[in-house]
Amino acid sequence: GGAPGVAQITKMGFLFLLNRDTGVPLYPVEERPVPKSDVPGEHLSLTQPFPTHPGPLAPTKLPPSEAYGFTPLDRRDCREKLSRHRNDGIFTPPSLEGSIQYPGNAGGPNWGGISVDPVHGIAFVNQMRAPALVQLIPRAQFDKLDPSKAVYPEELYPMKGTPYGVRRGPVLSMF
């Protein structure tokens, strides 16, 4: 019974259920407004697709009050970092002051893929929640940096042909 389906996961923590033959969603997909960029010259889509069923596999925001860590000091340090930067949930665009990317470039379902138990009708998705800080750096400033000297886990990418380079790294406690 029912249409032949395929499940497609995304790094945003969404699971789209599509007709395997036609690609048409089996459940409604809504175009919803997403955060706008405040960076000069950046033009973003005003909306992104959100599946209505199932709901997101992970929270779509990481407010400072939800910061996690092993100790109260870890949690406090992460709360402060989440509070200092642009943090509008998924689809928060990179910014000049720094933006929280969540579930992050190493987060979401990532490389683990999805497995389905057809007998019990259960999908298994390995996902990570690893927030990152992403910051655009104006070209003149970025060109003075040496990406090979970035201290792991921070990464620097030149984004050649654009007016910016990017700094990216995980949001980690200093403790």
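The values are calculated or read from the model by the stated rules, or taken from the named source; none is laboratory data. Owing to the predicted nature of the structure, the values given are computational and were not obtained by experimental measurement. Because the Cβ atoms are built from the backbone with ideal geometry, glycine has one as well, and the counts that use them run over all protein chains shown. SASA here: full protein model, heavy atoms, side chains in, ligands and nucleic acids out. Shrake-Rupley method; radii C 1.70, N 1.55, O 1.52, S 1.80 Å.
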Handout entry: Residue in the stretch 30-51 that is touching a helix residue (DSSP H, G or I) at 6+ places or on another chain (Cβ under 8 Å), loosely packed, with under 15 Cβ neighbours inside 10 Å and within 30 Å of TYR164 (Cα to Cα) present
Key = no
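Are any residues in the stretch 93-119 more than 30 Å from PRO138 (Cα to Cα) and β-branched (Val, Ile, Thr), and if so, which ones?
Looking only at the stretch 93-119, we keep the residues that are more than 30 Å from PRO138 (Cα to Cα), and these are 109, 111-119.
Hits for the stretch 93-119 are ILE114, VAL116, VAL119.
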Handout entry: Matching residues, the stretch 83-105, being modelled with pLDDT under 95 and open to solvent by less than 40 Å² (accessible area, probe 1.4 Å)
Key = GLY89, ILE90, TYR102, PRO103, GLY104
Fill in the blank from the handout: Every listed condition ((1) open to solvent by less than 50 Å² (accessible area, probe 1.4 Å); (2) on the phi < 0 side of the Ramachandran plot) holds for GLY13 save (2)
Practice task
Please work out which one of (1) at pLDDT 95 or above; (2) touching a Phe, Trp or Tyr at 6+ places or on another chain (Cβ under 7 Å) is the condition PRO28 fails and give its number.
Solution key: (2)
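Would you mind stating whether PHE124 is among the aromatic types (Phe, Trp, Tyr) and under 24 Å from PRO33 (Cα atoms)? Give the derivation first.
Values: among the aromatic types (Phe, Trp, Tyr): yes; under 24 Å from PRO33 (Cα atoms): no.
When the stated conditions are applied, PHE124 does not pass them.
Checking the conditions here, which among PRO109, PRO63, PRO54 is more than 23 Å from PRO33 (Cβ to Cβ) and of a type outside the set (Ser, Thr, Tyr)? Even if it seems obvious, please write down each step before you answer.
Numbers: PRO63 fails: more than 23 Å from PRO33 (Cβ to Cβ); PRO54 fails: more than 23 Å from PRO33 (Cβ to Cβ).
Of the residues listed, the single one that is more than 23 Å from PRO33 (Cβ to Cβ) and of a type outside the set (Ser, Thr, Tyr) is PRO109.
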Exercise for the section: Considering each of LEU44, LEU82, LEU57 in turn, give the residue that is touching a Lys or Arg at 6+ places or on another chain (Cβ under 8 Å) and either under 15 Å from PRO170 (Cα atoms) or in a loop (DSSP other than H, G, I, E, B) (or both). Expected result: LEU44
Practice task
Search the stretch 31-49 for residues that are farther than 15 Å from GLN101 by Cβ and pair each with any residue that is part of a loop (DSSP other than H, G, I, E, B) and open to solvent by 50 Å² or more (accessible area, probe 1.4 Å) when their beta-carbon atoms are under 7 Å apart and the residues are at least 6 apart or on different chains.
Solution key: PRO33/LEU46; LYS36/LEU44; GLY41/PRO163
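Tell me, please, whether a residue that is part of a loop (DSSP other than H, G, I, E, B), within 30 Å of GLY41 (Cα to Cα) and open to solvent by 60 Å² or more (accessible area, probe 1.4 Å) can be found in the stretch 123-142.
The answer is no, given that none of the residues of the stretch 123-142 is part of a loop (DSSP other than H, G, I, E, B), within 30 Å of GLY41 (Cα to Cα) and open to solvent by 60 Å² or more (accessible area, probe 1.4 Å).
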